[in-house]
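Quick notes on the structure that follows.
The values are calculated or read from the model by the stated rules, or taken from the named source; none is laboratory data. Remember, it's a predicted structure, so these values are computed and weren't measured experimentally. Cβ: placed from backbone, ideal geometry, glycine included. Neighbour counts: every protein chain shown.
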Amino acid sequence: MTIEYGGTRYSGWQEQNNARTVMGELRRAAEETLRTEVELQGAGRTDAGVHALAQVAHMRADVKTPRHPEAILRDINEALPADIAVVELEPVSARFHARHDALTRTYAYQISTRKTAFAKRFVWWIKDKLDVELMTEAAGMLTGRHDFVCFRAQDPSKPDDSTIVKVESAAIELRGDLVVFRIEASHFLWRMVRRLAGVLVRLGRSEITMDDFRQLLEGRSEPRLDVAAWTAPASGLFLEDVTYPERPRKTHKKRPNSRRS
């Protein structure tokens, strides 16, 4: 399943006790539709308030009467709230695993350079003038293998995970009133993209220098470089694409913007 959702009203993707989550809503809708328990697994966890244009999940269910995927897609969507939609549903091998088989994930972070009446939930509005050229230079430096220890929040469920991440691509795109930071990698550390976005904005505001940015990228921090406090809000972050072997890359045709919700 390929799923899009607005994360504003949810406590993230992953199911939690006593919290409303995207995965929980999807499970409820699928089990109502198929009238049986289902196994669900997403390609990645998104935090509270984070959105997705193309989250991928696999679903397994023991269904007595086979149904056409289009009928299942239609009925699940009818059972889902308005801010969650399954946009594609297709049969796959029983061995397919949405998380383990993923090659890369792409996130996009949207920064609005003006106040917007309609897309506040989907952008981070920065009032100050930004040096987009400097931000673009810094984003380009992220490509390759780096230690992102300065940009991660400690994940209690993965205390011993390596902080080394290989970034396939990273760039800044200027589209009208939007500054879009896009980054693709095999995996991401907890809150890594939001902290990168926050640091890039600090750089664009001239509150830190390029040498400071290089220092953080080398895994060296100091008290004045308070990356945790600079974490960008969840509102601007989108899981934009997940790639798999033999699955074509998305073309990002459904990008949100600052003029509509």
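The table that follows gives values for the structure above.
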{"read-out": "Single residue of region 151-172 satisfying the filter (of a type in the set (D, E, K, R) and modelled with pLDDT of 95 or more) that is surrounded by the most Cβ atoms within 10 Å (Cβ to Cβ)", "value": "168"}
{"read-out": "Residue within region 86-108 that is basic (Lys, Arg), touching a residue at least 40 places away in the same chain (Cβ under 8 Å) and within 30 Å of residue 204 (Cα to Cα) present", "value": "yes"}
{"read-out": "Residue that is surrounded by 21 or more Cβ atoms within 10 Å (Cβ to Cβ) and either farther than 24 Å from residue 240 by Cα or not assigned by TED's automatic domain parsing to the domain that holds residue 191 (or both), where the choices are 50, 38, 63", "value": "50"}
{"read-out": "Test result for residue 78, touching a helix residue (DSSP H, G or I) at 6+ places or on another chain (Cβ under 9 Å) and not in a loop (DSSP other than H, G, I, E, B)", "value": "yes"}
{"read-out": "Residues being small (Gly, Ala, Ser) and surrounded by fewer than 21 Cβ atoms within 10 Å (Cβ to Cβ) - total across region 201-217", "value": "1"}
{"read-out": "Test: residue in region 91-108 that is closer than 24 Å to residue 153 by Cβ, in contact with an Asp or Glu (Cβ under 7 Å, 6 or more places away or on another chain) and aliphatic (A, V, I, L, M)", "value": "yes"}
{"read-out": "When residues of region 173-194 are limited to those that are among the aliphatic types (A, V, I, L, M) and more than 16 Å from the chain's Cα centre (by Cα), the one farthest from residue 239 (Cα to Cα)", "value": "174"}
{"read-out": "Residue 123 being at pLDDT 95 or above and either assigned by TED's automatic domain parsing to the domain that holds residue 38 or of a type outside the set (Gly, Ala, Ser) (or both)", "value": "yes"}
{"read-out": "Residue in region 182-200 that is of a type in the set (D, E, K, R), surrounded by fewer than 19 Cβ atoms within 10 Å (Cβ to Cβ) and outside any strand (DSSP E or B) present", "value": "no"}
{"read-out": "Residue identified as farther than 26 Å from residue 187 by Cα and at pLDDT 95 or above among 137, 133, 88", "value": "133"}
{"read-out": "Residue count, region 20-35 (criterion: in a loop (DSSP other than H, G, I, E, B) and modelled with pLDDT of 95 or more)", "value": "2"}
{"read-out": "Among the candidates 247, 220, residue that is over 23 Å from the mean Cα position of the chain (by Cα) and surrounded by fewer than 21 Cβ atoms within 10 Å (Cβ to Cβ)", "value": "220"}
{"read-out": "Looking only at region 212-233, and only at residues there that are without any contact (Cβ under 8 Å) to a residue 40 or more places away in the chain and part of a loop (DSSP other than H, G, I, E, B), the one that is nearest to residue 125 (Cα to Cα)", "value": "226"}
{"read-out": "Filter result for the condition that a residue is farther than 30 Å from residue 166 by Cβ, within 20 Å of the chain's Cα centre (by Cα) and in contact (Cβ under 8 Å) with a residue 40 or more places away in the chain, over 119, 48, 43", "value": "119"}
{"read-out": "Counted residues, region 59-84 - those being in contact with a Lys or Arg (Cβ under 9 Å, 6 or more places away or on another chain), closer than 30 Å to residue 232 by Cα and not acidic (Asp, Glu)", "value": "2"}
